[in-house]
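The values are calculated or read from the model by the stated rules, or taken from the named source; none is laboratory data. Please read all numbers here as calculations on a predicted model, not as lab measurements. Positions of Cβ are backbone-derived with ideal geometry, glycine not excepted, and every protein chain shown enters the neighbour counts.
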């Protein structure tokens, strides 16, 4: 029973740290205990250690650790990918030989597919071009999406790549390149998630969900059959006449007899909620027609609105677009109706800067008054994710100024950015 407790505690501790690390920075959790724990573990505690080390060793120890951490997390190298592969491989090595003789031929075939597919999708996610923007394909990426004049404004130049940033793009400090429709940089694939590989990343997450869930359920049924043979009155759900100490004690006896299957099953069961959480959050962002990068921008914009620093005014329906700064986007059916700007002093933008739009500036206080032109509905959002040059159904010849805005307010979605 002691061994079982140690295994459970170790797995729970690892799962908890992973959960806080990956979810603590999400905009939706910014004002929750998870975000507070993230700041405590990854900001306040390191600052405390740094201050102590500064007095004891003049910062030499923490300096070396920070260098190592930055090297692992903020440079492109396959270390985390290899670690990820090792976790899967070692777990499967401990698990599969033990259960193989106990399962049917059909189950063996489903197990093989479930095990192999994540490796294939991991390779595709790692090897695919995430949407690197170069001078050769810059014009193409400029034509994919219109500027929404809220999160993305025309004319901004990437100071590193030295070209105008296309709508929805972001420069990645790790990849050292601008990424089209940038979502985030993922250390587990040693690459950014963007226009070219977002679909592979989503399928990889789904395959990992299936792998961990299937492995956990299959292991439970094998362990259940083994324990049931020793204790006929035992069941997976605690019987009313059996107290928890006895129930867990029988579990411990069953796991001791097959510690490899037991440890792998517990690992699969405990990490499944983490993987499912990340997957469902990714799908939710697709449903909202936004990316991780954009969701953070929406959150910052919302804070500026609350503070009274955000202003808007209408864009002229028949305004002329500069082919250099705002080229046509014939495939995209939605265009912005207004421009939103933020200021540092709570005063309207300076009219001398000649921002687009017409009429006086007015405060905008809530995201419900802002249209997300990149959200065309879940299935169109999925189509844009999986199909290159996906056309949501607008006639290519329809003039941009005559298109009806089809984007939906970011706040009409469930769980808008907090």
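For the reader, a short list of remarks on this structure follows.
- Against the test of being surrounded by fewer than 16 Cβ atoms within 10 Å (Cβ to Cβ), out of contact with any helix residue (DSSP H, G or I) (no Cβ under 7 Å at 6 or more places or on another chain) and at pLDDT 80 or above, the options 243, 300 yield a single qualifying residue, 300.
- Scan of region 153-162 for residues that are touching a strand residue (DSSP E or B) at 6+ places or on another chain (Cβ under 7 Å), crowded, with 16+ Cβ neighbours inside 10 Å and in contact (Cβ under 8 Å) with a residue 24 or more places away in the chain, ordered by number: 161
- Taken together, 252, 262 contain a single residue that is touching a helix residue (DSSP H, G or I) at 6+ places or on another chain (Cβ under 7 Å), in contact (Cβ under 8 Å) with a residue 60 or more places away in the chain, surrounded by 21 or more Cβ atoms within 10 Å (Cβ to Cβ) and part of a helix (DSSP H, G or I), which is 262.
- Of all residues in region 254-299, those satisfying the criterion of being in contact with a strand residue (DSSP E or B) (Cβ under 7 Å, 6 or more places away or on another chain) and over 25 Å from residue 84 (Cβ atoms) are 289, 290.
- Listing of strands (runs of 3 or more DSSP E) fully contained in region 163-218 that carry 1 or more residues being within 17 Å of residue 118 (Cβ to Cβ): 184-186, 191-193
- Taking region 340-362 as the range and being touching a strand residue (DSSP E or B) at 6+ places or on another chain (Cβ under 6 Å) and within 30 Å of residue 286 (Cα to Cα) as the test, the residues that pass are 340, 341, 342, 356, 357.
- When residue 366 is tested against (1) surrounded by fewer than 19 Cβ atoms within 10 Å (Cβ to Cβ); (2) over 15 Å from residue 150 (Cα atoms); (3) touching a residue at least 24 places away in the same chain (Cβ under 8 Å), only condition (2) is not met.
- Residue match in region 57-65 (condition: modelled with pLDDT under 90 and under 30 Å from residue 212 (Cα atoms)): no
- Failed item in (1) buried (at least 23 other Cβ atoms within 10 Å of the Cβ); (2) out of contact with any helix residue (DSSP H, G or I) (no Cβ under 9 Å at 6 or more places or on another chain), with residue 178 passing the rest: (2)
- Region 394-418 - residue that is outside any helix (DSSP H, G or I) and in contact with a helix residue (DSSP H, G or I) (Cβ under 8 Å, 6 or more places away or on another chain) and, of those, modelled with the lowest pLDDT: 418
- Scan of region 127-137 for residues that are in contact with a helix residue (DSSP H, G or I) (Cβ under 7 Å, 6 or more places away or on another chain) and surrounded by fewer than 19 Cβ atoms within 10 Å (Cβ to Cβ), ordered by number: 128
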